[in-house]
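Accompanying notes for the structure given below.
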Amino acid sequence: MGDGWGMRKMWIGAGVAAAGGTGFVMLLVVGVYLVGGDSAGGSGGEGKKLAKGSVPAAYQPLVQEAGSLCPAINPALLAAQLYQESGFDPKAQSAAAAQGIAQFIPGTWAVHGVDGDGDGDRDVWDPNDAIPSAASYDCSLASYVKSVPGDPTENMLAAYNAGPDAVIRYQGVPPYAETQNYVKTITTLAESFAEPETRVDPSEQAAGAIAYAQKKLGTLYLWGGNGTPEQGGRFDCSGLTKAAYENVGIELPRVANDQYNAGAHPGRDELLPGDLVFFSDDLTNSRAIRHVGIYVGGGYMIDAPRTGAVIRFDPIDTPDYFGATRVTEDGAKALPTTV
């Protein structure tokens, strides 16, 4: 959190036979660009239910309630801020003394911290206080700039980053590259925490990502593998998905649970080839995701399963199936590098 209104953020299962597999996958990919729809979007206001498991179960009720505190915010937007600040880590502490799940620094906490759980104290390390405080701080900023024309959520985010006086002076988001980028980042990232309200647009890069992964079929798994020559061109699960999308110009994070936040989340019956599909032993918490693959259609993915196995086709409909992400370039760019 910024120190007062003028301080910017301190940092900002079994395989399928490979015979005939190539034709099978490419036939499925042909239809990727033919399926369209409206993408989930929007900024503040009511609605914006959280996507399944996008917020750890321990914090989901807090985020859902606090994220409805005022019209300028919503649960998905609040979740995006918390994720960018700390990755939902209540013990996070930055070099700039920002503390807790919402990364308040002491000066801001002294003014804007609230006793969210009514236990008689205001503890920056307690998510029960810090999460409601983050929402309250957002709403205070929104109230301060409520007379400014334009989108109230974007104005609130700009006030968070550049200070409300700058928003009032410029009558909207100030012409600062950092502030404009911050507003776009948080509103884009919020889409990965929101349950889609309409059909999610297909990815333009999906076919290329699948084609890349398809060429790696039969390659032996390597834990920590990124496909480098020194590693014999071998991958682990998230190394493969990262490389597949990097091949089409999209830079994903290295680990699977962060890749989950690279776009909106289609339902199981809305999956398209190229979607990333995720697996976890805890279906209530995206931070616990442990495996990822690239969906190819027909209930199958290409994935790098485990040590001793090769990159192959695997079914996705298993008890540990968590959900899916339709990767977008903007969604990937919005992901923080500090969590």
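Against the numbered list (1) acidic (Asp, Glu); (2) farther than 21 Å from Phe279 by Cβ; (3) part of a helix (DSSP H, G or I), Asp201 comes up short only at (3).
What about Asp123, is it of a type in the set (Asp, Glu) and more than 26 Å from Ala57 (Cα to Cα)? For Asp123, the condition - of a type in the set (Asp, Glu) and more than 26 Å from Ala57 (Cα to Cα) - is not met.
Does Val277 count as over 13 Å from the mean Cα position of the chain (by Cα), among the hydrophobic types (A, V, I, L, M, F, W, C) and over 25 Å from Glu197 (Cα atoms)? So Val277 does not fit the description; no. If the requirement is being in a helix (DSSP H, G or I) and under 13 Å from the mean Cα position of the chain (by Cα), which of these qualifies: Asp330, Asp269? Being in a helix (DSSP H, G or I) and under 13 Å from the mean Cα position of the chain (by Cα) holds for just one of Asp330, Asp269, which is Asp330. Pairing residues of the range 77-99 that are under 15 Å from Tyr182 (Cα atoms) and modelled with pLDDT of 95 or more with residues that are open to solvent by 10 Å² or more (accessible area, probe 1.4 Å) and among the charged types (D, E, K, R), at Cβ distances under 8 Å and at least 6 apart in sequence or on separate chains, gives Leu77/Lys48. Taken over the range 146-166, the criterion of being farther than 21 Å from Glu85 by Cα, touching a Ser or Thr at 6+ places or on another chain (Cβ under 9 Å) and either open to solvent by 70 Å² or more (accessible area, probe 1.4 Å) or not in a loop (DSSP other than H, G, I, E, B) (or both) is satisfied by Pro152, Ala166. Hey, does the range 196-213 have a residue that's at pLDDT below 95, crowded, with 24+ Cβ neighbours inside 10 Å, touching a strand residue (DSSP E or B) at 6+ places or on another chain (Cβ under 6 Å) and of a type in the set (A, V, I, L, M)? The answer is yes; a qualifying residue exists.
For the range 270-285, state whether one or more residues are out of contact with any Lys or Arg (no Cβ under 6 Å at 6 or more places or on another chain), within 22 Å of Thr188 (Cα to Cα) and of a type in the set (Ser, Thr, Tyr). No; the residues of the range 270-285 include none that is out of contact with any Lys or Arg (no Cβ under 6 Å at 6 or more places or on another chain), within 22 Å of Thr188 (Cα to Cα) and of a type in the set (Ser, Thr, Tyr). Of the residues Thr307, Thr337, the single one that is farther than 30 Å from Val63 by Cα and polar (S, T, N, Q) is Thr307. Taking (1) under 20 Å from Pro253 (Cβ atoms); (2) out of contact with any strand residue (DSSP E or B) (no Cβ under 8 Å at 6 or more places or on another chain); (3) not in a helix (DSSP H, G or I) in turn, Leu189 satisfies each apart from (3). How many residues does the range 169-195 hold that are surrounded by fewer than 21 Cβ atoms within 10 Å (Cβ to Cβ) and polar (S, T, N, Q)? The number of residues fulfilling the criteria is 5. For the range 117-145, taking the residues that are hydrophobic (A, V, I, L, M, F, W, C) and in a loop (DSSP other than H, G, I, E, B), the one that is surrounded by the fewest Cβ atoms within 10 Å (Cβ to Cβ) is identified as Trp125. Within the range 228-254, the set of residues being of a type in the set (Gly, Ala, Ser), in a loop (DSSP other than H, G, I, E, B) and either within 20 Å of the chain's Cα centre (by Cα) or modelled with pLDDT under 95 (or both) comprises just one member, Gly249.
Checking the range 53-66 against the condition returns a match, with at least one residue being at pLDDT 95 or above and closer than 24 Å to Ala158 by Cβ.
Applying the condition of being open to solvent by 50 Å² or more (accessible area, probe 1.4 Å) and touching a strand residue (DSSP E or B) at 6+ places or on another chain (Cβ under 7 Å) to the range 288-334 and asking which residue is farthest from Asp269 (Cα to Cα) yields Val310. Against the numbered list (1) closer than 27 Å to Glu191 by Cα; (2) surrounded by fewer than 23 Cβ atoms within 10 Å (Cβ to Cβ), Ala96 comes up short only at (1).
The values are calculated or read from the model by the stated rules, or taken from the named source; none is laboratory data. Since this is a predicted model, take the numbers as computed values, not measurements. Every residue, glycine as well, gets a Cβ built from its backbone with ideal geometry; the counts of neighbours run over all protein chains shown. The accessibility values were calculated without ligands, DNA or RNA, using every heavy atom of the protein model including side chains. Shrake-Rupley method; radii C 1.70, N 1.55, O 1.52, S 1.80 Å.
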